[in-house]
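A short worksheet on the structure shown next.
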Amino acid sequence: MNHRARKRFGQNFLHDPIVIRKIVQAIDPQPDDHLVEIGPGQAALTIPLLRAVGRMDAIEIDRDLIPIVQERCAPYGELSLHNVDALKFDFAALKTDERSLRLVGNLPYNISTPILFHLLESRRVITDMHFMLQKEVVERMAAAPGSRTYGRLSVMLQAWCEVTRLFDIEPGAFKPAPKVDSSIVRLVPRRDETVTIADPERFAALVRAAFAQRRKTLRNNLKGLVEASRIEALGIDPGCRAETLGVADFKRLAAI
Ligand code: SAM
């Protein structure tokens, strides 16, 4: 069966068996897991994952890939393939028993940030997520305060998840080869009490505003949201920039 890679769906298919094995090892699928793959493509990861768990779900937007994935996966287990846009899909609806979901995917680069934000909404039914993304995006996701790449994405993801950058993958592992390097990242939604954010919408609005203009001070970026005197009362200098604050500081700011 022939299928030409579509740019608009961010299609770069994995073909290097060593890299595929390394990714599957990092995911470490167990027979009892409820796995959900986003964008199975031509089933490079789906086949070894399905072999390990026996049945799983996958979400693929490209209608032309559906029969290819179905045919390739049939010998290895029971695949529930959903031909929908992952950005509009309600992942929480896939949880039908006591098992939480384990999400995996070599994500299309053009939708990586919106999909991460969308998945955060379902974090309560997710055990963990392993994604391949553009290396530069993974650096931003895992960045520490004070670093050049630390920003809204870092704070929003680290507030709700433990973020670990695992390893990098070179363009040659894909067909067609992308122009950028990729990395594998693991996200584990936090279960501990310290994560509690009383008003998630206010938290999100505050983080967005704080980083709206990176070179401006907190006092300026948070005008209308938090008074400078209240920032100061928390022991945070209103004259500093958002990139110097830790995730805990943003939680404290959102709580006043
Ligand atoms: N998993 C395969 C692999 O590793 O070879 C394919 C990876 S390819 C980078 C991304 C896959 O996501 C493609 O199959 C593409 O059609 C699919 N995709 C793109 N946008 C999507 C969306 N919004 N919802 C679901 N799948 C999407």
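Miscellaneous remarks
- Taking the chain as a Gaussian network of alpha-carbon nodes connected by springs under 10 Å, the highest mean-square fluctuation of the residues Asp97, Asp168, Asp181 belongs to Asp97.
- Note on the chain: with charges restricted to the Cβ of Lys and Arg (+1) and Asp and Glu (-1), its dipole about the Cα centre is near 940 debye.
- A convex hull fitted to the Cα coordinates of the chain yields 129 cubic angstrom per residue.
- Distant-in-sequence amide H partners of Asp33 (H built 1.01 Å from N, under 5 Å): none
- Cα-centred dipole magnitude for the stretch 63-170, charges only on beta-carbon of K, R (+1) and D, E (-1), debye, nearest 20: 320 debye
- By accessible area, using a 1.4 Å probe on protein heavy atoms only, the chain has 48% of its surface on carbon and sulfur.
- Accessible area per residue, Å², the chain with all protein chains present, probe 1.4 Å: 50 Å²
- Pairs of alpha carbons in the stretch 53-114 whose separation is greater than 16 Å (percent): 52 percent
- Computed [θ] at 222 nm, helices only, for the chain once each DSSP H run of length n ≥ 4 contributes -39500 (n - 2.57): -8500 deg cm²/dmol
- Length-normalised contact order of the stretch 126-166 in % [C-alpha pairs under 8 Å, at least 6 apart]: 33 percent
- Choice from Val104, Val69, Val36 with maximal GNM fluctuation in the chain (Cα, 10 Å cutoff): Val69
- GNM top mover of Leu234, Leu157, Leu65 - the chain, alpha-carbon springs below 10 Å: Leu234
- Backbone amide hydrogens, once placed in the peptide plane, bring Arg55 within less than 5 Å of Glu78, excluding anything fewer than 5 places away on its chain.
- Backbone N under 18 Å from the Gln213 label point (7 Å along Cα→Cβ), restricted to the stretch 226-256: 226-228, 238-244
- Computed about its Cα centre, the charge dipole of the stretch 1-107 is approximately 440 debye, with only Lys, Arg, Asp and Glu carrying charge at their Cβ.
- With contacts taken as Cα pairs under 8 Å at a separation of at least 6 residues, the stretch 21-175 carries a relative contact order of 19 percent.
The values are calculated or read from the model by the stated rules, or taken from the named source; none is laboratory data. Since we're looking at a predicted model, the values are computed, not measured. Virtual Cβ from ideal backbone geometry, glycine too; neighbours counted across all protein chains shown. Surface areas here come from the heavy atoms of the whole protein model, side chains and all, with no ligands, DNA or RNA. Shrake-Rupley method; radii C 1.70, N 1.55, O 1.52, S 1.80 Å.
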